1. Mind pulling the angle between the C-alpha long axis of helix 365-375 and the longest principal axis of the chain? Nearest 10 degrees, somewhere in 0 to 90.
2. Please label the shape of the stretch 2-129 as rounded, prolate or oblate, based on the square roots a ≥ b ≥ c of the eigenvalues of the alpha-carbon gyration tensor (a/c under 1.5 means rounded; beyond that, a/b larger than b/c means prolate, else oblate).
3. So what's the net charge close to Asp144: Lys and Arg +1, Asp and Glu -1, counting the other residues with Cβ under 11 Å from its Cβ?
4. Let's see if you can work this out: charge +1 on each Lys and Arg Cβ, -1 on each Asp and Glu Cβ, no other charges. What is the dipole magnitude of the stretch 360-507 about its Cα centre, in debye to the nearest 20?
5. Once every Cα of the stretch 229-308 carries one equal point scatterer and solvent is ignored, give the base-10 log of I(q)/I(0) from the Debye formula at q = 0.11, 0.13, 0.16 Å⁻¹, two decimals.
6. Size of the stretch 94-204 along its principal axes in angstrom, Cα-based, largest extent first?
7. Give me the net charge of Asp202's neighbourhood, meaning all other residues with Cβ under 10 Å from the Cβ of Asp202; Lys, Arg count +1, Asp, Glu -1.
8. Roughly speaking, what is the stretch gain from Lys3 to Glu137, that is 0.36 nm per residue apart minus the C-alpha to C-alpha distance, in nm to one decimal?
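The values are calculated or read from the model by the stated rules, or taken from the named source; none is laboratory data. Just so we're clear, the structure is a prediction, and the values are computed from it rather than from any experiment. Backbone-built Cβ (ideal geometry, glycine too); neighbour counts: all protein chains shown. Areas reflect the complete protein model, heavy atoms only, side chains present, ligands, DNA and RNA absent. Shrake-Rupley method; radii C 1.70, N 1.55, O 1.52, S 1.80 Å.
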Amino acid sequence: MAKISGSDAVLQVIQKWGVKHIYGLPGGSFDSTMNAIYNQRETLKYIQVRHEEAGAIAASADYKLTGKIGVCFGSAGPGAVHLLNGLYDAKEDGIPMLAIVAQVPTKRMNMDFFQAMNEEPIFDDVAVWNRTAMTAESLPMLTDEAIRQAYAHNGVAVLTIPKDLGWAEIEDNFETNANLHTVNYPAPTAESVADAVKLIKDAKSPMIYFGIGAKDAAEELKAASEKFKMPLVSSVLAKGIIEDDYPAYLGSTGRVAPKPGAEIGFSTDLILWVGNNVPFSIFLFNKKAKVIQIDIDSEKFGKRHHTDVAIEADAKKSLAAINAAGEAREAREASAFYNAAVADKQNWDNWLDGLKDSTESPVRAEPIFDVLNEEASDKAVWAVDVGNVNINFERLIRMHGDQKWATSGIYATMGFGVPAALAAKVNYPDRDVYSLSGDGAFAMLSEEILAQVKYNLHVINVVFSNETLGFIEAEQTDDSHQPLSGVDLPDTDWAKVGEGYGAVGYTVRTKAEFKQALEDSKKTDKPVVIDVKLTHAMPFTTEHMYLDDSWQDKDKIAEFVKKYDAQDLKPFSYFLKQAQTN
């Protein structure tokens, strides 16, 4: 029987599971596995990141963009600890991931040796499966089980390999379970479908609130909206499941959402709640509304809002069954609530369109994102960092076609954008890829431009420089009403920083300059860094809106309207009243 090293066996297993590349930074304790990576360099691509956190973020982005598990690694001690931020991103967003962690040789473990530490406890909270190999012979089986558990529990699996076990020779006879991996979620019961249909029929102001669990059910969502005249609102991460220009899709809801999506939840009397577990949901909807909740995990039922009908089943199958069983509402039967929601969205879109050619200086976000919408292809991939850039992306990018995107959702770690763009271009080399970051977030992991340069990846990295941690500035100003503290950032020439890394750099201050920078970017195959000198003004706030004179203070409304140039915006109640009288 042929022999193989323990680490070579580990890498053979991950490749059988369809893994094509692995992210990490070498350390002495990882030498045995680096040797295996070298041995298998023809079939497994190694991506050298410059910080282990970036490797873990990139591995998380792998699954977010492709639906396939990502793999990262770190050496013993500091390398292992550095992984944690990216692992927590995966944990909080329910992302399967495998982290391979090195350990000092077994004879040096627990002996106060250089970089030796008890690694398992630090991963206990973040991982759904966390084991240290005790023999070389167990390594392939442990790797297989780690991936199975990561998929089964939608989370992080951590496999720790002592250095000597990675070198040890074992029999090359392990067969993986990869070919047995299937996903087949149940169909809804006839009784639950009948109960759901009755609630929909009786509702006067029904709506749909869907999350990432409905990612394969776009057509069924639109069919339900059209048949039952229900406006659609999504979680932040579910943006893109339905194209943004769909008339009844109001966008996401919550702080980063467009105005229409943030408004209507308080006026609904029924929510068809599909594949969604957003923690902020407890603040965003009428507490008296009835809820039909569809989820594959029964532990989610009633977690964010009381549930009247629970359907433990696949979203696509459940929506199809409800659509088939329910009685259609004709267009003339559409509720005032539905018609008001569509009109509210149109008002919002018209307002945004009025800002896209603004000549305000420093430049507003709307003109810049208008150019991005024009230039991005139907297959563009967006890697979106955390901060005000989330707000602008949610509201201003018009997702369509086969575009993809990823961000750090529940964990919301700054620094996500550049390493996620690295992952995007590795997975989709023929697509146009954009990282979008604020200047605060870009500074955190900008060194991963070096990885983009090393692998000659043509990524457009856009840095929105407004010299503040904008998201936190807004919280200190609007939420806690405190003096600004710790949010100011120095003006930095990020184009020169990008050039120092080996990328092509541009600094822009106007819409025309940004458009020219994107045009010029087509002439190089190198990564590009575009530093946009952005307005210091904060984005329109949906958390502290003052637009409705039927119950809000008129002086505060006047102040709010002036601050945000919102003269043409109307509150949802205005459109509801109009619809009720027509």
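1. Its long axis makes an angle of about 70 degrees.
2. Since a/c reaches 1.5 but b/c is at least a/b, the shape of the stretch 2-129 is classed as oblate.
3. 0
4. Roughly 600 debye, rounded to the nearest 20.
5. Scattering profile of the stretch 229-308, log10 relative to I(0): -0.26, -0.36, -0.56.
6. 70, 33, 14
7. With Lys, Arg at +1 and Asp, Glu at -1, the neighbours total +3.
8. 47.1 nm
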